[in-house]
Amino acid sequence: MSDTGSKIALVTGGNKGIGFEIARGLARHGVIVVLGARNPVAGEAAAAALRDEGLEVHFQPLEVTDAGSIAAAAERLSSEWGRLDVLVNNAAVSLEKGVPPSLSDLGLMRQTYETNVFGVVAVTQAMLPLLRASKAGRIVNMSTGLASLSLSSGREAPFSFSRLLAYNTSKTAVNAVTVQFANELLDTPIKVNAANPGLCATDLSNSNGRPPTEGAAVAIGLALLDEDGPTGGLYGDSGKVPW
Ligand SMILES: NC(=O)c1ccc[n+]([C@@H]2O[C@H](COP(=O)([O-])OP(=O)(O)OC[C@H]3O[C@@H](n4cnc5c(N)ncnc54)[C@H](OP(=O)(O)O)[C@@H]3O)[C@@H](O)[C@H]2O)c1
């Protein structure tokens, strides 16, 4: 086990998009980043690109719907570093093509929840013993404004008609999961928050939105919260986002 003063972070789905920028941003802060990706070629290429920038980034195969893959990642973190300081649950899918809820495909919904909800819970449960071994564990769950019930209730709400039943409700569940874990860990140093990156230009958004570096900044801020920071909330650029 290497004895290092640097923080250790695991970013799921780190090979592209916002996750890649979170990995880069954390590594630029001196954090040793373990970049998780389900595709080994893409994951190793992403980690190598960041190492070429002089950053300490290690690739770890990680499919968040596969218990064996999650266990292998936890085992590697345990044997190499003995702890985890930051977990960013970033990996997610958006599989629907803008249909109203009445026509939403239940199969796609189940698939979406496997990654976006059960994947987050499974990775968090597996990493908790390592986060408990940290002096200041931080968990950041990637959410979205689209998950907010307040921002999507009623005709005038900004996200009333976004037509993504599976994705939006999966992220509402992520918000609830965030609160539940934060509550369980209230008497520990571990803080658990959700991040709303805003619309960012990635594959998931069909390249609509702002640069992913800007969305990543919200998550990086939550990952590096000091001990006075909040827990159990959803945060965006301008602070707390209503549930
Ligand atoms: N982009 C936006 O406007 C926006 C807005 C709000 C919230 N978010 C959230 O921000 C996070 C990152 O999104 P993004 O826009 O960067 O999306 P993205 O570019 O599509 O990247 C998603 C990442 O998740 C990985 N992934 C998907 N399923 C996985 C699985 N089962 N196991 C492991 N990895 C898996 C993908 O791997 P592959 O490359 O192998 O597919 C990819 O690395 C997501 O949680 C998303 O919901 C995004």
Item to check | region 83-142, subset open to solvent by 50 Å² or more (accessible area, probe 1.4 Å) and charged (D, E, K, R), residue farthest from Ile8 (Cα to Cα) | outcome: Asp105
Item to check | Every residue from region 45-64 that is open to solvent by 10 Å² or more (accessible area, probe 1.4 Å), among the aliphatic types (A, V, I, L, M) and without any contact (Cβ under 8 Å) to a residue 40 or more places away in the chain | outcome: Ala45, Ala48, Ala49, Leu55
Item to check | Set Ala147, Ala219, Ala195, Ala201: member being open to solvent by 20 Å² or more (accessible area, probe 1.4 Å), within 11 Å of the ligand (Cβ to nearest atom), of a type in the set (A, V, I, L, M) and touching a helix residue (DSSP H, G or I) at 6+ places or on another chain (Cβ under 8 Å) | outcome: Ala201
Checklist entry - Ala42 versus (1) in contact with a helix residue (DSSP H, G or I) (Cβ under 9 Å, 6 or more places away or on another chain); (2) in contact (Cβ under 8 Å) with a residue 24 or more places away in the chain; (3) more than 16 Å from Thr124 (Cβ to Cβ): which is the lone unmet condition? => result (1)
Item to check | Criterion (closer than 14 Å to Ile220 by Cβ, in contact (Cβ under 8 Å) with a residue 60 or more places away in the chain and β-branched (Val, Ile, Thr)) met by exactly one of Val11, Val33 | outcome: Val11
Next on the checklist: Take residues that are more than 25 Å from Thr178 (Cα to Cα) and under 20 Å from the mean Cα position of the chain (by Cα) and tell me which of the strands (runs of 3 or more DSSP E) falling wholly in region 27-116 contain 3 or more.
Outcome noted: 57-61
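The values are calculated or read from the model by the stated rules, or taken from the named source; none is laboratory data. Everything quoted here is computed from the prediction, not taken from an experiment. No Cβ is skipped: glycine too gets one built from the backbone with ideal geometry, and neighbour counts run over all protein chains shown. Side chains are part of the model used for accessible areas, which takes the heavy atoms of the whole protein and leaves out ligands, DNA and RNA. Shrake-Rupley method; radii C 1.70, N 1.55, O 1.52, S 1.80 Å.
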